[in-house]
Amino acid sequence: MATLSLKFMRASALLGLCAILAACSTTPARQADGQQGGPQLRQAEVSEYRRLLAEAQRLSFTLDFNALRRAFVESAEYNPYGGGKLEGLAEAYGSVESAEFGKCLQHVDQVLASNYMSLEAHMIGVVCSGRSANLEREDIHRYMVEGLMDSIESSGDGRSQDSAYHTISTSELRGFVRLKGLQVLNQSIVYDQRGIYDKMQVRDPESGDEYALFFNVSQQFAHGLDSAAE
């Protein structure tokens, strides 16, 4: 197992990971317009995501969040680096700190308008709607938080590369760690022939235990390279 710093990894090692990404990427190969797998297939993938998203927005009790997350990754709306680049997210965090909960919800709406799958935005939405006594809205955000968290937790236990959690965006990974109440001590990228992993050394503030958590971020890297090549 090789371990590299995040900065070095993202700056200089992408070429060396191309073979790995080719093996673990689920992105269909792009073909010329009019051929099978071209824009018509892409539109179908977007429609599947939108169909499942509509179920989520209706708070469906039967929605498969694993299917929703898969459809999102395969849609044209997918942003593998969704997180720090989501407009309104930093402002939403700031509004929580300043106890401006009405303004917080406005910023949450701004984030969700561009990425309804942001775990962080829904997490903040639970806090701000609860503090604003907006119980109906709190239920909406809590539904998404619980569904996304259950989906991630069903993918593994995070204690090794073999059992790594599968996350699909920066916002999802970061929100997961925060909702677990863990402190991140350091972070690095590790990789093997099967995939690429974000390794986080974390501490549980309650018990004081320190341990490593692994997140399989192969899809993020694969789609990130795919977008950069366009």
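The values are calculated or read from the model by the stated rules, or taken from the named source; none is laboratory data. Not measured: the values here are computed from a predicted model. Every residue, glycine as well, gets a Cβ built from its backbone with ideal geometry; the counts of neighbours run over all protein chains shown.
Going by what's in this entry, would G156 be described as crowded, with 16+ Cβ neighbours inside 10 Å, modelled with pLDDT of 95 or more and over 30 Å from S98 (Cα atoms)? Judged against the criteria, G156 is a match. Within this structure, E138 passes the test of being of a type in the set (D, E), without any contact (Cβ under 8 Å) to a residue 24 or more places away in the chain and surrounded by 17 or more Cβ atoms within 10 Å (Cβ to Cβ).
Among the conditions (1) surrounded by fewer than 16 Cβ atoms within 10 Å (Cβ to Cβ); (2) assigned to a helix (DSSP H, G or I), the only one that L185 does not satisfy is (2). Only one of the numbered conditions (1) under 29 Å from E146 (Cα atoms); (2) modelled with pLDDT under 70 is violated by M9, and that is (1).
On the basis of being farther than 20 Å from A56 by Cβ and either surrounded by fewer than 21 Cβ atoms within 10 Å (Cβ to Cβ) or assigned by TED's automatic domain parsing to the domain that holds M200 (or both), does Y93 make the cut? Criteria met by Y93.
Residues of the range 158-209 that are within 25 Å of A222 (Cβ to Cβ) and acidic (D, E): D162, E172, D192, D198. Just so you know, in the range 96-123 the residues that are surrounded by 14 or more Cβ atoms within 10 Å (Cβ to Cβ) and over 18 Å from the mean Cα position of the chain (by Cα) include one that is nearest to L59 (Cα to Cα), and it is L105. Out of (1) assigned by TED's automatic domain parsing to the domain that holds H223; (2) closer than 22 Å to A222 by Cα, the odd one out for L148 is which? Checking L148 against (1) assigned by TED's automatic domain parsing to the domain that holds H223; (2) closer than 22 Å to A222 by Cα, the one that fails is (1). So, G175, is that one modelled with pLDDT of 95 or more and either under 23 Å from T62 (Cβ atoms) or not in a strand (DSSP E or B) (or both) or not? Taking the combined requirement at face value, the residue does not satisfy it.
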